[in-house]
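*Asks:* Submitted below is the structure of interest, expressed as structure tokens.
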Amino acid sequence: MSDLSTIRREALGAVEQAADLAALDAARVAALGKKGSVTGLMKTLGDLSPEQRREFGAQVNQLKAEIEGALEARKSALSASALAARLASEKIDVTLPVRPEAQGSLHPIGQAMDEVAAIFGEMGFTWADGPDIEDDWHNFSALNIPPDHPARQMQDTFYLPPRADGTPMVLRTHTSPVQARTMLDKGVQKMLADGGSLRIIVPGRTFRIDNDATHTPMFHQVEGLVIDRTTHMGHLKGCLVDFCRAFFEVDDLPLRFRPSYFPFTEPSAEVDIGCSWKDGELRIGAGDSWLEILGSGMVHPNVIANCGLDPAIYQGFAFGMGIDRIAMLKYGIPDLRSFFDSDLRWLRHYGFSALEWPSLTGGLGR
Ligand code: DAH
């Protein structure tokens, strides 16, 4: 009897004092486990007379039920306080200020493209696109570079497997094929026939097998094309002078038009801008040096004819320049390859805010 009340006191005390679920389980094992105190009492029942066994057995069973009830109650109390503690510790203060958003920035090439588009946009040019994977005809033949022409060697071309119909394919080596794609467009031809004038720029990716400090296999160009019945070399000059002065933000920037050769223009000119070098640092503007920045010319009559227009009626000019190159010159970026390293520290340094939308009248500089 006294055994029973001692065991009861100890077992219930252990349950009551269990501070967490592990301690509670230890209390359960101590009382009801295989070697537990109550289980020990059960084992003594066999030694008793049937009379005693009935009475004592009932008491032991009642004790077992009592302990099980206490275990259950303690367990829910412990879980409730664990939940309360967690809720208290994980409380969110909704009045705290939000974390600042990480600010992204525009890549200098995207920025330069936007600036180019803004300047030409104000001169009435629209933005045209074409595919990066181009067929041989648009990339070369249409532009007066036939298959056996040595000018094909001027551009180190990535050749691709021919299309299913046998058409030879390349990664476009310049943005010039979009000249042909645009002139061939039925809507454009109708607009020209109605006396309109075509003015497009084509900013985009271009590809050549080249890789050193000033050449990457993928780079960017912007093409320009004007076609109508009267546009002449004077317009070409005026347009490019205005563009270069606006882009480089030098009002009296000197330009030099140097005779050159391109298969798709006649006459052709390369354009240099004035600059000077002081202590190894480049300054764009009047000086005693020249930097070549673009190729241009009057669209060759063969190109106009290849694109389904009558060269006796239509004429115009075209130009092409490297966007990466003019971005390097304008923003003082020394290594072309850094454009494509995807280094976030570089981008934070050279990148532009998305809100700095350039315009000819609003000022382009920062
Ligand atoms: N397509 C030439 C190149 O990638 C650049 C060029 C020169 C484009 C003269 C033109 C042009 O439209 O008239 O080297």
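*Asks:* Can you confirm whether the stretch 210-230 contains a residue that is closer than 30 Å to S338 by Cβ, more than 16 Å from the ligand (Cβ to nearest atom), assigned by TED's automatic domain parsing to the domain that holds A312 and not in a loop (DSSP other than H, G, I, E, B)?
*Replies:* Yes - at least one qualifying residue is present in the stretch 210-230.
*Asks:* Counting just the residues of the stretch 280-335 that are of a type in the set (D, E, K, R) and within 16 Å of the ligand (Cβ to nearest atom), which one comes out surrounded by the most Cβ atoms within 10 Å (Cβ to Cβ)?
*Replies:* Checking each candidate, the answer is D324.
*Asks:* Give the residue, chosen from D272, D212, that is over 30 Å from L160 (Cβ atoms) and acidic (D, E).
*Replies:* It is D272.
*Asks:* Considering only the stretch 131-167, how many residues are basic (K, R) and more than 16 Å from the ligand (Cβ to nearest atom)?
*Replies:* Of the residues in the stretch 131-167, 1 are basic (K, R) and more than 16 Å from the ligand (Cβ to nearest atom).
*Asks:* Looking at the stretch 280-301, can you tell me whether even one residue there is basic (K, R), in the same structural domain as F125 (by TED's automatic domain parsing) and under 21 Å from the mean Cα position of the chain (by Cα)?
*Replies:* There is no residue in the stretch 280-301 that is basic (K, R), in the same structural domain as F125 (by TED's automatic domain parsing) and under 21 Å from the mean Cα position of the chain (by Cα).
*Asks:* On to the next question. For the stretch 168-203, enumerate the residues that are in a strand (DSSP E or B) and within 12 Å of the ligand (Cβ to nearest atom).
*Replies:* Residues of the stretch 168-203 that are in a strand (DSSP E or B), as a first pass: 169-171, 198-203.
Answer for the stretch 168-203, where residues must be in a strand (DSSP E or B) and within 12 Å of the ligand (Cβ to nearest atom): I200, I201, V202.
*Asks:* Does D114 fit the bill of being part of a loop (DSSP other than H, G, I, E, B) and surrounded by 10 or more Cβ atoms within 10 Å (Cβ to Cβ)?
*Replies:* Spelling it out, it is not the case that D114 is part of a loop (DSSP other than H, G, I, E, B) and surrounded by 10 or more Cβ atoms within 10 Å (Cβ to Cβ).
*Asks:* Among the strands (runs of 3 or more DSSP E) confined wholly to the stretch 241-359, which include 1 or more residues that are free of Cβ contacts under 8 Å to residues at least 24 places away in the same chain?
*Replies:* Filter on the stretch 241-359 gives 255-262, 265-278, 281-284, 289-299.
The values are calculated or read from the model by the stated rules, or taken from the named source; none is laboratory data. Values in this document were obtained by computation on a predicted structure and should not be read as measured data. We place every Cβ from the backbone using ideal geometry, glycine too, and count neighbours over all the protein chains shown.
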